[in-house]
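Undergrad: Please find one structure pasted underneath; my questions will follow.
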Amino acid sequence: MRLADRLNWLLTLPAKDRLTVLDLFDDAEREELRWHWELWARPEQLPPPGDWRTWLICAGRGFGKTRAGAEWVRMVVRRNPEARIALVGASLAETRAVMVEGESGILATSPPHRRPVFEPSLRRLTWPTGAQAWLYSAAEPEGLRGPQHSHAWCDEIAKWEIAGERATRAWDNLMLGLRLGECPQVLATTTPKSVELLKRLMAGETTGETIVTRGTSYENAANLPARFLKDIRADFGRSAIGRQELEGVLLEDVEGALWTRDMLENCRETAGVAMERVVVGVDPPASAKGDACGIVVVGLGTDGIARVLADCSVVKPTPEQWARAAAGAARMWNADRVVAEANQGGAMVESVMRAADVNLPIKLVHASRGKVARAEPVAALYEAGRVRHQGVFAEVEDEMCALVSGGEYHGPGRSPDRADALVWALTELMLSPSGRPRIWVQ
């Protein structure tokens, strides 16, 4: 029996029976099995049947999206020696590092005797069959205007640059050039985020324009480090963003919310900036058995833009516990001021914080308006581009996106404690008429 026939026969067996017949193969055949993706892939990592144009894999981190994309490119090359493929990532660096040279990229998943030649200076891959692929950056949409392709793999489309509508322009230019061959196809792989391009592709599922595959991080647990799943659960497990990053769920915005997911993604950054001032906002629980004490650290950069630096909130603390947590955050970030709401037991708030750190520069504030009303001018700062998030603050952002204009809260927990602490800190930092604080504020 020819090797190809044996492989096809193996595919007809139930997955649990395949390993039991491997003794029938010699060493060369077993080596070939490594590269026969259909044997090892989960069903959702394989292309859907039928005459489709757009296949979207929208799934959690670690699902195996990159491997599925690289193997689909290999399959296209095997079946179509004249294929002309576009490889599009958020940047050229990511296209090369992830899609081509990554651990699950095209080069790593190709057998040595069928591996393409990669010419970085030409941004081109060439297979022994004659098929070719070119690397593109979605941040340069005009680079996709003109070239023609028969197939395309677009990675992490929800991460593509949205400023100046670059993401949608890159996609549209790509689709206008997808006109070679009898059945042009594009595969898009991404972890979901509430951005316009992804929502547009998801909407195509109802009209039949897009075939959507969904999945979670846990489905690929056998191929992921146990620590990865443990850490990502700890970071995101209890939040709505956890549903997005782990379960691959596209989070929908609450109608009328002061903040949207798209707005927050647009203000995210990783680069550090020197801080002129740092303020810790504290929203103490109303009682000793309150849900949480919001503690959020915000800094004012030398460029005049505020940065959310840390969420140090504590859940169901005693007064002593949340006071120590607030004092610890102030020391860690060398804060100029700690702003704490004092509507509920003002004297108690100050006394427990002084007990935690007698030198703490405290300012007590009294709320004369509701939480949403206080948040509205802070939301305007975000719209004006005057606030950035240095990282992902899942639980804070969940609460922010649940504050609705008009005074309602539609989020997790009974009260937006973390969001309120952020509002107090940004109000002090960006909207307060007072100048640089004294060391002691009574």
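The values are calculated or read from the model by the stated rules, or taken from the named source; none is laboratory data. None of these values were measured; they are calculated from a predicted model. Glycine also receives a Cβ, built like all others from the backbone with ideal geometry; neighbour counts cover every protein chain displayed. Areas reflect the complete protein model, heavy atoms only, side chains present, ligands, DNA and RNA absent. Shrake-Rupley method; radii C 1.70, N 1.55, O 1.52, S 1.80 Å.
Undergrad: Given the residues A240, A188, A139, which is the only one that is closer than 22 Å to A68 by Cα and among the aliphatic types (A, V, I, L, M)?
TA: Checking each option against the conditions leaves just A188.
Undergrad: From the list D291, D311, D283, which residue is touching a strand residue (DSSP E or B) at 6+ places or on another chain (Cβ under 9 Å) and modelled with pLDDT of 95 or more? Full working, then the answer.
TA: Details: D291 fails: modelled with pLDDT of 95 or more; D283 fails: modelled with pLDDT of 95 or more.
Just a single option satisfies the conditions, and that option is D311.
Undergrad: Looking for whichever is closer than 30 Å to E269 by Cβ and of a type in the set (S, T, Y) here; the options are S313, S368. Which one fits? Step through it out loud before you land on a result.
TA: Working: S368 fails: closer than 30 Å to E269 by Cβ.
Just one listed residue meets the conditions, S313.
Undergrad: Additional query: Only one of E219, E205 is among the acidic types (D, E) and touching a helix residue (DSSP H, G or I) at 6+ places or on another chain (Cβ under 9 Å); which?
TA: E219
Undergrad: While we're looking at this one, here's another question. Looking at region 398-419, is at least one residue of a type in the set (V, I, T), open to solvent by less than 10 Å² (accessible area, probe 1.4 Å) and at pLDDT 80 or above? So that I can check it myself, show each step before the final result.
TA: First, the residues of region 398-419 that are of a type in the set (V, I, T): 404.
From what's left, open to solvent by less than 10 Å² (accessible area, probe 1.4 Å): none.
Looking for residues that are of a type in the set (V, I, T), open to solvent by less than 10 Å² (accessible area, probe 1.4 Å) and at pLDDT 80 or above, one finds none in region 398-419, hence no.
Undergrad: Related question: Working only within region 200-215, note down all residues that are within 17 Å of E265 (Cβ to Cβ) and either open to solvent by 70 Å² or more (accessible area, probe 1.4 Å) or touching a Phe, Trp or Tyr at 6+ places or on another chain (Cβ under 6 Å) (or both). Spell out how you get there, then give the answer.
TA: From region 200-215, those within 17 Å of E265 (Cβ to Cβ) are 200-202; that's our starting set.
Result: R200, single match.
Undergrad: I would also like to ask the following. I'd like to check something: does region 370-382 contain any residue that is open to solvent by 50 Å² or more (accessible area, probe 1.4 Å) and in contact with a Pro (Cβ under 9 Å, 6 or more places away or on another chain)?
TA: Yes, the conditions are met somewhere in region 370-382.
Undergrad: Within region 212-254, which residues are of a type in the set (S, T, N, Q) and within 25 Å of E103 (Cα to Cα)?
TA: Kept after step one, since they are of a type in the set (S, T, N, Q), are these residues of region 212-254: 213, 216-217, 220, 223, 239, 244.
Matches in region 212-254: T213, T216, S217, N220, N223, Q244.
Undergrad: Still on this structure, I have one more. Would a scan of region 227-249 turn up a residue that is closer than 21 Å to E94 by Cβ and among the aromatic types (F, W, Y)?
TA: Start the filter on region 227-249 by keeping residues that are closer than 21 Å to E94 by Cβ, which leaves 228, 232, 244-245, 248.
Then keep just the ones that are among the aromatic types (F, W, Y); that gives 228.
The answer is yes, given that some residue of region 227-249 is closer than 21 Å to E94 by Cβ and among the aromatic types (F, W, Y).
Undergrad: What residue, of N223, N266, is farther than 20 Å from T66 by Cα, among the polar types (S, T, N, Q) and touching a residue at least 24 places away in the same chain (Cβ under 8 Å)?
TA: Residue meeting the stated conditions: N266.
Undergrad: What is the number of the single condition among (1) in a loop (DSSP other than H, G, I, E, B); (2) at pLDDT 85 or above that Q344 does not meet?
TA: With respect to (1) in a loop (DSSP other than H, G, I, E, B); (2) at pLDDT 85 or above, Q344 is out only on (2).
Undergrad: Would a scan of region 91-108 turn up a residue that is out of contact with any strand residue (DSSP E or B) (no Cβ under 9 Å at 6 or more places or on another chain), open to solvent by less than 40 Å² (accessible area, probe 1.4 Å), modelled with pLDDT of 95 or more and not β-branched (V, I, T)?
TA: There is at least one residue in region 91-108 that is out of contact with any strand residue (DSSP E or B) (no Cβ under 9 Å at 6 or more places or on another chain), open to solvent by less than 40 Å² (accessible area, probe 1.4 Å), modelled with pLDDT of 95 or more and not β-branched (V, I, T).
Undergrad: May I ask you to list pairs of residues, at least six apart or on different chains, whose Cβ atoms are under 7 Å apart, with the first in region 386-409 being touching a residue at least 60 places away in the same chain (Cβ under 8 Å) and within 15 Å of R374 (Cα to Cα) and the second being in a strand (DSSP E or B) and not hydrophobic (A, V, I, L, M, F, W, C)?
TA: A402/Y409; L403/Y409
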